[in-house]
Every structure is written in C-alpha cells, then in structure tokens.
Amino acid sequence: MKLEFKGNRVLIAGGSCEMALCVAGLLMGEGLHPLLTWRSEQGRGKIEDSLKQFEGRFDTAHMDFSIPESVERLFSQMEEGPDYLVDFAQGDYESLVGSADAVLTSRYFTENVSTRADLIRRAARAMLKKRQGRMVFISSAAAWRSNPGQGFYAAAKLASEALYRSVGVEMAGRGITSVTLRPGYVDSGRGGRYIEAHDGAVARTPIGRAIAPGEVAQAVLFFLSDSAAAFNAVEICMDGGLTAVK
Amino acid sequence: MDIFGEIRESLTEILDIEAEQVTPETYVIRDLGAESIDLLELSISLNSRFKVEINDEEIYLKSLRSCLNGAGANGDAGNRILRQFPFINGKRAGEILGDLEGGPVLKVKDLMSYVSWRAGKNGC
C-alpha cells in the first residue's frame with residue numbers, strides 16, 4: 001500500500017528511544033522531515049549515530065518534561081510549526097501506590113501530564129494556523145491493564161490519552177486529529193527491561209512473543225498517513241492479544 | 001490597516017461572515033455566534049497579525065462572572081473588573097455591568113482594547 005502524507009514536518013517527542021528512531025527512518029524514507037527531541041547529550045548522540053546515513057534530512061532539539069521552559073524553547077526554534085506530532089516521551093516511576101513518595105508522585109504528574117499538556121497545546125496552536133495536523137500518542141497496554149507498580153505510569157498515560165482524545169474531538173473540524181497507540185510488551189527500552197525482570201510476561205501473550213520496535217514504527221507511520229485520517233480520538237491496542245486473555 | 005480593520009479581517013475569515021457585520025459595537029458571541037474553537041483560532045490569528053501574546057482568559061473576559069461573584073455595592077463590582085481586566089476602562093466596565101443579563105458581553109471593541117493594551121506593554 002502506498003502511503004500519502006499531506007504534511008512534511010514531524011515533531012517526534014522522546015526521539016532517542018528505539019521506536020522513535022525506527023519511525024524517523026521510515027518517515028525519511030517517505031520524504032518527510034523529522035525533528036527528534038532528546039533529554040540528554042547521550043540521547044542526542046544516540047539519535048545522531050543511529051540516523052547518520054540520513055544526515056541533513058532530520059533535526060534534533062532539546063526537550064525535557066522536567067524543564068517546562070524547554071517546551072517553549074523547542075517551539076521558538078521551529079520556524080514553522082509541525083504538521084505532525086508523534087509523542088513517545090515518558091518518564092519512569094515504578095512504585096506500588098501504597099508505598100509511593102508524595103513529592104515524587106506530584107513531580108511525576110507535573111512532568112508527564114501538565115508539561116505534556118503544554119506540548120500538545122503548542123502543537124495544536126501551530127497546527128491550527130495551517131488548519132492541518134495529526135498527532136499520534138504512544139501510550140501503553142498498561143494504561144488499561146497495569147501490573148503491580150505501574151499505577152502511576154498508567155495514570156499518567158490515561159490522563160495524557162484524554163488530552164490527545166480531546167484534541168481530536170475539539171479540533172477535527174479544523175483539520176487536526178489524533179490517535180493513541182497502546183503497544184503491549186515491546187522488546188526495547190523500558191519494555192525490554194520489564195520483560196527481562198518479569199518472567200512469563202511474554203508467554204501470556206497469545207502471539208507468544210514481544211512486539212518488535214519496527215512493528216510499532218510501521219503502525220505509527222500508517223496512523224500518520226492520509227489513509228488513516230478516519231482514525232480519530234481513539235485508543236488502539238497493539239499487544240498481540242495480551243489484554244484480551246485472562 | 002488599523003487595529004479594527006485587522007480584527008475585522010480575522011473575524012470575517014474565521015467566521016465566514018461579511019465585513020459589514022462587524023463593527024466595534026458588535027457582540028462577538030451574541031451577534032456573530034463565535035464558538036470556543038473560533039475564539040482559539042482568533043487568538044492565533046491576532047497573535048500572528050499583531051505580534052503580541054494573547055491570553056485567552058483575559059481577552060475573552062472568560063473569568064468575568066467568577067470575578068464578580070460575591071461583589072457588593074459601592075462600585076466594588078466595577079473595581080473588580082478594572083483590576084481583573086486592565087485593558088477595560090471605567091466607562092466600559094459600567095456598560096458591562098448593565099449588560100450581564102443579556103448573555104456574553106464581549107464586544108469587538110474589547111478585542112481592540114486588549115490588542116492596544118498588549119501592544120503598549122510590548123513598547124510597540
């Protein structure tokens with residue numbers, strides 16, 4: 001299937017994770033221009049190393065949810081706002097609800113929900129100028145079915161899903177739509193570490209394996225394309241059937 | 001083009017209406033039927049035209065009713081409006097107080113006052 005894209009500039013938040021790098025490669029293959037955000041010099045280096053064969057066809061910029069001003073700076077650096085937003089950004093905080101630290105909890109939600117809301121707000125306003133835009137939020141199957149210790153992660157993901165869904169509801173009439181993708185166990189980064197630490201997690205998945213980062217990237221590419229325009233304000237699970245079984 | 005002309009152009013583009021429908025005395029919501037999404041688009045358009053930061057809460061008098069909650073007599077309500085919305089003058093505050101029963105009070109001239117005030121703050 002040949003995918004078509006109305007826009008060109010793609011802001012990829014959380015751009016140094018393996019899935020984001022896969023998405024960026026696919027996008028450049030389609031002739032689009034990604035801007036990948038990084039939180040640390042290590043992340044920046046990872047992006048530049050991984051994508052060096054595409055030199056000159058992508059940009060990088062600093063953005064860190066723990067530094068709210070970095071979101072404002074990011075948008076002031078972009079001459080034109082993005083046509084697309086792909087949001088992989090997410091901080092880590094694994095704790096049982098009953099043993100959580102109140103200060104850390106508050107900070108986690110400020111960073112991963114409130115600051116993300118500012119990212120979405122700025123992207124939505126930039127897209128509204130062009131009356132065109134598409135947002136894909138990478139949530140998690142854990143948003144719906146969280147394991148012990150994932151309560152705060154799930155809560156932040158669910159709150160963020162609601163923000164993206166609302167953009168799709170409020171702005172679709174102006175050409176701006178959104179989709180949330182909920183991958184299950186993905187064999188990379190945080191997901192890979194989780195699989196390693198929790199025996200049997202993947203075995204419970206009906207397809208009998210973890211999701212590959214490239215599979216998530218292909219799905220994101222499709223959801224960004226014009227072909228997927230009717231998917232709006234919705235959460236789509238990509239978990240190999242995990243959440244359908246007892 | 002002057003401030004009114006620019007605002008009128010934004011309104012006619014966003015709301016798909018004729019320029020003759022817009023005067024400084026026109027109610028933005030009551031007369032022109034602007035909805036939330038239209039106002040959001042208007043903010044972005046005004047920001048782009050005038051290069052001033054637009055605060056949606058201020059320019060659209062969004063917190064007007066809550067700021068008047070519990071206001072007593074002796075000019076307290078008017079003073080609250082002047083404090084909350086520094087771009088509104090005393091005469092306009094009086095008009096607003098006499099007009100609350102009719103629905104959303106926002107007029108095109110309030111948008112003009114806001115833009116002038118912001119431009120002044122920017123030293124333009």
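The values are calculated or read from the model by the stated rules, or taken from the named source; none is laboratory data. For clarity, every value in this text was computed on a predicted model and none was experimentally measured. Glycine also receives a Cβ, built like all others from the backbone with ideal geometry; neighbour counts cover every protein chain displayed.
Every condition in (1) within 14 Å of chain B (Cβ to nearest Cβ); (2) farther than 28 Å from B:N55 by Cα holds for A:L181 except the one numbered (1). Restricting attention to segment A:73-96, does a residue exist that is touching a residue at least 12 places away in the same chain (Cβ under 8 Å), farther than 30 Å from B:S48 by Cβ, among the polar types (S, T, N, Q) and in contact with a Phe, Trp or Tyr (Cβ under 8 Å, 6 or more places away or on another chain)? Yes, some residue in segment A:73-96 is touching a residue at least 12 places away in the same chain (Cβ under 8 Å), farther than 30 Å from B:S48 by Cβ, among the polar types (S, T, N, Q) and in contact with a Phe, Trp or Tyr (Cβ under 8 Å, 6 or more places away or on another chain). Total residues in segment A:167-181 satisfying the condition of being in contact (Cβ under 8 Å) with a residue 24 or more places away in the chain and more than 12 Å from the chain's Cα centre (by Cα): the figure is 9. Counted as qualifying within segment B:25-113 are the helices (runs of 4 or more DSSP H) with 3 or more residues that are under 13 Å from the mean Cα position of the chain (by Cα), namely B:36-50, B:56-59, B:90-97.
Restricting to segment B:68-81, what's the tally of residues that are buried (at least 16 other Cβ atoms within 10 Å of the Cβ) and of a type in the set (A, V, I, L, M)? Break it down stepwise before answering.
As a first pass, look at segment B:68-81 and keep what is buried (at least 16 other Cβ atoms within 10 Å of the Cβ): B:68, B:77-78, B:80-81.
Narrowing further to those that are of a type in the set (A, V, I, L, M): B:68, B:77, B:81.
Matching residues across segment B:68-81 total 3.
When the criteria are applied in full, B:S43 fails the requirement of being small (G, A, S) and either over 30 Å from A:I176 (Cα atoms) or in contact with a strand residue (DSSP E or B) (Cβ under 6 Å, 6 or more places away or on another chain) (or both). Here A:F231 fulfils each of the conditions (1) surrounded by fewer than 19 Cβ atoms within 10 Å (Cβ to Cβ); (2) at pLDDT 95 or above; (3) assigned to a helix (DSSP H, G or I); (4) away from every other protein chain (no Cβ under 14 Å) apart from (3). A Cβ distance below 8 Å, combined with a sequence gap of six or more or placement on separate chains, defines the contacts here; from segment A:118-135, residues that are at positive phi and within 12 Å of another protein chain (Cβ to nearest Cβ) reach residues that are part of a helix (DSSP H, G or I) and not acidic (D, E) in the pairs A:R131/A:R174. Across segment A:182-200, the number of residues qualifying as without any contact (Cβ under 8 Å) to a residue 40 or more places away in the chain and not in a helix (DSSP H, G or I) comes to 3.
Do you know which of the residues in segment A:32-59 that are in contact with a helix residue (DSSP H, G or I) (Cβ under 6 Å, 6 or more places away or on another chain) and surrounded by fewer than 19 Cβ atoms within 10 Å (Cβ to Cβ) is nearest to A:Q90 (Cα to Cα)? This residue is A:S50. Among the residues of segment A:166-181, just one is in a helix (DSSP H, G or I), in contact with a strand residue (DSSP E or B) (Cβ under 6 Å, 6 or more places away or on another chain) and among the hydrophobic types (A, V, I, L, M, F, W, C), namely A:V167.
Within segment A:136-150, the set of residues being touching a residue at least 60 places away in the same chain (Cβ under 8 Å), buried (at least 20 other Cβ atoms within 10 Å of the Cβ) and either more than 18 Å from A:M19 (Cβ to Cβ) or of a type in the set (A, V, I, L, M) (or both) comprises A:V136, A:I138, A:A141, A:A143.
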